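I have placed the structure first, in the form of structure tokens, so that the comments after it can refer back to it.
The values are calculated or read from the model by the stated rules, or taken from the named source; none is laboratory data. Computed from a predicted model, the values in this text were never measured in an experiment. Cβ: placed from backbone, ideal geometry, glycine included. Neighbour counts: every protein chain shown. Heads up: the accessible areas ignore ligands, DNA and RNA and are worked out on the full protein's heavy atoms, side chains in. Shrake-Rupley method; radii C 1.70, N 1.55, O 1.52, S 1.80 Å.
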Amino acid sequence: MKRKTIGVLVGGITDDFTKLLCHGVMEQAKKLDINIVVIPGKFLDREYDETSEIYYEYQYQTLFSYATKENLDGIIVASSCIGCFASQERIREFMENYINMPCVIVAAAEEGQVCVRYDNGAGIREGLEYMIDELGYTRIGMIGGPDSNYDAMERKKTYRDVLEKHGIAYNPDLYVEGNLTSESQEAFRTLLDRNPDMQGVFCVNDSCASGFYEELKKRGILPGRDISVMGYDDMEWTTQIYPTLSTVRADAGKLGAEAVRLIVQLVDGKQVESKVFPTEFIKRDSFCRKDGVSNQDRSVIDGYISMNHMLAEQWEEKNKTQFKMKTFIQKVLSFDRGNDKSYGEILGTLDWLDIENAFIYLYKEPIIHLIGEPFEIPEQLYLKTKDLKEKVSNVSTVNQKVAASRMYDMEKLGVEEAGTYVLLPLYSNEVLYGVFLCDLTEGVLVNGEFLGNQVSAAVKMIYLLKTNEEIMERLEESMAILQKNNLMLDTLSKHDPLTGINNRRGFFEASKELLRECREAGKPATVLYADMNSLKIINDRYGHDDGDFALRTIADTMVASVGDNGIVGRIGGDEYCCLLSGIEDADAFAEMIYREFDAFNNQCEKPYKVSVSIGSCTLASYDMEGLQCAMTVADEKLYEVKKYRKKDVIK
């Protein structure tokens with residue numbers, strides 16, 4: 001039987017909630033021998049400032065398009081996380097994309113859907129009632145989250161219900177809305193500025209509480225001494241910070257494990273019911289004591305020593321990680337060729353994250369995707385390279401094409417065991433190159449986005465190198481063609497198109513070399529200047545085609561007569577010039593040419609004679625000035641010859 005593949009749609013992979021959720025998912029998936037693909041598509045309708053460093057994170061949302069009924073058997077969706085910036089209507093619209101797939105909603109309640117969630121109320125009520133009943137507080141604030149987030153909405157409702165139950169009027173000034181992260185500084189400042197006499201604060205989650213701690217520290221306010229602070233989630237680090245954080249224990253790992261169990265049953269066609277997990281209040285040092293004595297009085301030094309020790313360990317681990325990151329960057333960007341082999345070099349650098357299996361899928365051509373535009377994955381992807389059990393192999397060109405519906409077929413990809421994977425986008429600004437699929441390890445849960453960014457940068461570099469190589473190749477081809485064309489143009493510019501011999505420019509260019517040879521050899525250089533006889537009569541009586549025939553005949557006869565003794569050119573119209581090398585008797589050479597024309601006319605059936613008149617002159621110097629002077633003298637002699645020639649052009 002084919003192993004099931006389940007998709008887990010979340011906002012990110014590096015936040016505390018998703019880490020714990022994934023731990024539960026992975027543990028249960030291993031027990032059930034199924035494949036998991038975690039798809040961190042970020043957040044719906046989040047507003048991105050164009051100047052923000054995270055502006056192009058909107059590209060992550062394209063990942064949700066890779067969750068289809070064709071490539072996944074079912075999905076688990078953390079809809080309240082994905083939609084923490086969106087309206088309920090927008091979240092419902094998003095969920096309609098998966099209406100035809102087995103689906104389990106996690107950490108939220110959606111009508112008509114199988115859901116796994118917390119009982120948000122129990123632990124919160126217990127903590128708030130401790131503040132009211134045991135500590136006697138009446139001014140309790142709350143740092144919440146967007147109303148579109150199911151958990152934030154439920155926790156705010158519980159906060160108000162507890163106040164109302166104890167006869168404490170809800171005060172809007174004591175409530176602020178944050179963004180569910182430690183980066184809600186504006187909300188922290190607003191709450192404290194408006195309420196200097198506030199006695200306790202409930203933070204919507206532990207991450208929010210950690211950021212609130214920082215703001216309190218800036219103001220010299222110490223939790224557990226000056227104010228009571230409660231979080232939600234009971235993350236591992238809440239027992240390591242100073243003072244330790246009172247919180248609500250809500251195990252996201254249990255949600256993940258149960259969601260996997262239920263989705264497998266749904267895929268198998270079984271009827272299942274939603275599950276609600278209880279929560280409990282955990283009191284720690286961030287709550288003040290009932291007797292008014294600070295929790296810190298007897299343990300401040302010990303607390304700071306403990307915290308400093310923890311920070312030292314964290315700093316050491318951070319330095320190790322940064323060194324690994326630096327080494328990874330150097331390796332992953334070390335290639336210098338834009339070919340498919342370079343993709344394999346990327347996958348050969350992932351051991352520091354304990355990744356054993358990884359795959360790079362690219363589009364046929366990069367896709368421009370702007371913010372707010374819909375996105376559809378191409379039907380075909382191209383598997384460039386894969387890493388199986390840390391053995392990297394490049395995929396041959398003929399085997400690269402993979403249908404998007406088969407991109408998670410691990411058995412076909414060569415993976416024998418079940419595993420949990422994460423899908424990351426490969427992009428640079430507006431340009432999408434493809435996706436990266438790899439093992440979801442502890443290292444990836446911490447550094448997954450860094451990994452995605454670096455692989456994206458490497459893929460972009462390979463593409464640019466490949467493009468540059470193609471451009472250079474085309475440029476070389478163009479240069480070769482251009483050189484060939486230039487050679488042809490140069491030839492055409494130096495040759496007479498009618499006769500095929502040198503034109504005026506070609507004659508002078510060729511003369512330079514011949515004059516140099518004559519000078520070096522000490523040979524005389526002689527010019528013969530020839531002019532066709534009676535061209536006008538032939539043109540007028542027999543037509544221009546016959547006139548052209550006569551001009552070509554002169555060129556052929558002159559070239560044949562001169563042979564290796566020199567060069568011939570058509571200087572213009574019916575005028576020709578020969579530059580001869582080593583000819584002592586120019587007049588005798590001219591007579592030889594005349595005889596050649598007589599021989600031609602005797603055997604030619606044309607009704608007219610083709611003939612020339614020739615003047616000659618030996619050069620006084622072996623340079624262009626000497627050539628020009630000799631041509632002028634020869635031309636003058638030519639016209640003397642013409643005076644005495646016979647006028648019988650017609651046979």
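For (1) under 18 Å from I371 (Cα atoms); (2) surrounded by 20 or more Cβ atoms within 10 Å (Cβ to Cβ), each residue gets a yes or a no:
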| site | (1), (2) |
| --- | --- |
| S52 | yes, no |
| K69 | no, no |
| G74 | no, yes |
| I82 | yes, yes |
| V106 | no, yes |
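Scan the range 575-602 for residues that are open to solvent by 70 Å² or more (accessible area, probe 1.4 Å) and either part of a helix (DSSP H, G or I) or basic (K, R) (or both) and jot them down. The answer is D587, E591, R595, E596, D598, N602.
For the range 608-618, filtering for residues that are polar (S, T, N, Q), more than 30 Å from G543 (Cα to Cα) and buried (at least 18 other Cβ atoms within 10 Å of the Cβ) leaves 1. The set of residues in the range 576-590 that are within 24 Å of I538 (Cα to Cα) and at pLDDT below 95 contains only A590.
Per the conditions (1) among the acidic types (D, E); (2) at pLDDT below 95; (3) over 17 Å from Q628 (Cβ atoms), the sole criterion not satisfied by E509 is (3). Those strands (runs of 3 or more DSSP E) of the range 172-264 in which 1 or more residues are under 30 Å from L32 (Cβ atoms) occupy 247-249. Number of residues in the range 164-192 that are closer than 19 Å to I132 by Cα and among the polar types (S, T, N, Q): the value is 1.
In the range 132-140, the count of residues that are in contact (Cβ under 8 Å) with a residue 40 or more places away in the chain, within 51 Å of the chain's Cα centre (by Cα), closer than 29 Å to D16 by Cα and not in a loop (DSSP other than H, G, I, E, B) is one or more. Only one entry of I537, I554 meets the criterion of being open to solvent by 50 Å² or more (accessible area, probe 1.4 Å) and either in contact with a Gly (Cβ under 9 Å, 6 or more places away or on another chain) or touching a residue at least 24 places away in the same chain (Cβ under 8 Å) (or both), and that entry is I537. Among the conditions (1) outside any helix (DSSP H, G or I); (2) surrounded by 18 or more Cβ atoms within 10 Å (Cβ to Cβ), S621 misses just one, which is (2).
One line per residue, one yes/no per condition, for (1) open to solvent by 50 Å² or more (accessible area, probe 1.4 Å); (2) among the small types (G, A, S):
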position	(1), (2)
M1	yes, no
V25	no, no
R46	yes, no
E57	no, no
F64	no, no
S79	no, yes
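Is it the case that K254 is of a type outside the set (F, W, Y), at pLDDT below 95, surrounded by fewer than 22 Cβ atoms within 10 Å (Cβ to Cβ) and more than 22 Å from I82 (Cβ to Cβ)? Against the criterion (of a type outside the set (F, W, Y), at pLDDT below 95, surrounded by fewer than 22 Cβ atoms within 10 Å (Cβ to Cβ) and more than 22 Å from I82 (Cβ to Cβ)), K254 does not qualify. Quick one: would you say F281 is over 30 Å from E469 (Cβ atoms), modelled with pLDDT of 90 or more and surrounded by 12 or more Cβ atoms within 10 Å (Cβ to Cβ)? Yes, satisfied.
A quick yes/no check of all residues on (1) farther than 24 Å from G434 by Cα; (2) part of a loop (DSSP other than H, G, I, E, B); (3) in contact with a Leu (Cβ under 7 Å, 6 or more places away or on another chain); (4) among the polar types (S, T, N, Q):
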{"position": "K19", "(1), (2), (3), (4)": "yes, no, yes, no"}
{"position": "K42", "(1), (2), (3), (4)": "no, yes, no, no"}
{"position": "S52", "(1), (2), (3), (4)": "no, yes, no, yes"}
{"position": "F64", "(1), (2), (3), (4)": "no, no, yes, no"}
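Just to be sure, is K412 within 16 Å of the chain's Cα centre (by Cα) and not β-branched (V, I, T)? No. So, of the residues in the range 420-439 that are open to solvent by 10 Å² or more (accessible area, probe 1.4 Å) and of a type outside the set (V, I, T), which turns out to be farthest from G348 (Cα to Cα)? Applying the filter and picking the extreme gives E430.
What number of residues within the range 624-651 are open to solvent by 30 Å² or more (accessible area, probe 1.4 Å), farther than 15 Å from D531 by Cβ and in a helix (DSSP H, G or I)? Final tally of qualifying residues: 4. Among the conditions (1) part of a loop (DSSP other than H, G, I, E, B); (2) of a type outside the set (K, R); (3) open to solvent by less than 20 Å² (accessible area, probe 1.4 Å), E605 misses just one, which is (3).
Each residue in the range 64-113 was checked for being closer than 20 Å to E177 by Cα and among the small types (G, A, S), and 7 of them qualify. Hey, does the range 118-125 have a residue that's of a type outside the set (A, V, I, L, M) and part of a loop (DSSP other than H, G, I, E, B)? Checked against the condition, which is being of a type outside the set (A, V, I, L, M) and part of a loop (DSSP other than H, G, I, E, B), the range 118-125 yields at least one hit. Pairs are defined by a Cβ separation below 8 Å, a sequence spacing of at least 6 or placement on different chains, a first member in the range 448-476 that is farther than 12 Å from Y433 by Cβ, and a second member that is open to solvent by 70 Å² or more (accessible area, probe 1.4 Å); the pairs so defined are L465/D336; L465/R337; E469/R337. The criterion of being in a loop (DSSP other than H, G, I, E, B) and surrounded by 19 or more Cβ atoms within 10 Å (Cβ to Cβ) does not hold for V562. One residue stands out among those in the range 396-419 that are among the basic types (K, R) and in contact with a Lys or Arg (Cβ under 8 Å, 6 or more places away or on another chain): the one that is most open to solvent (accessible area, probe 1.4 Å), which is K412. Checked across the range 378-397, the condition of being among the acidic types (D, E), within 30 Å of L20 (Cβ to Cβ) and out of contact with any helix residue (DSSP H, G or I) (no Cβ under 7 Å at 6 or more places or on another chain) holds for no residue. Looking only at the range 351-395, residues that are of a type outside the set (S, T, N, Q) and open to solvent by less than 70 Å² (accessible area, probe 1.4 Å) come to 25 in all. Considering only the range 457-474, I want to know if a residue exists there that is touching a strand residue (DSSP E or B) at 6+ places or on another chain (Cβ under 6 Å), open to solvent by less than 80 Å² (accessible area, probe 1.4 Å) and at positive phi. Looking for residues that are touching a strand residue (DSSP E or B) at 6+ places or on another chain (Cβ under 6 Å), open to solvent by less than 80 Å² (accessible area, probe 1.4 Å) and at positive phi, one finds none in the range 457-474, hence no. Can you find a residue that is open to solvent by less than 30 Å² (accessible area, probe 1.4 Å), touching a residue at least 60 places away in the same chain (Cβ under 8 Å) and among the hydroxyl-bearing types (S, T, Y) anywhere in the range 149-166? Checked the range 149-166: at least one residue is open to solvent by less than 30 Å² (accessible area, probe 1.4 Å), touching a residue at least 60 places away in the same chain (Cβ under 8 Å) and among the hydroxyl-bearing types (S, T, Y). If only residues of the range 210-234 that are of a type outside the set (F, W, Y), within 23 Å of D151 (Cβ to Cβ) and without any contact (Cβ under 8 Å) to a residue 60 or more places away in the chain are counted, the one that is surrounded by the most Cβ atoms within 10 Å (Cβ to Cβ) is G231.
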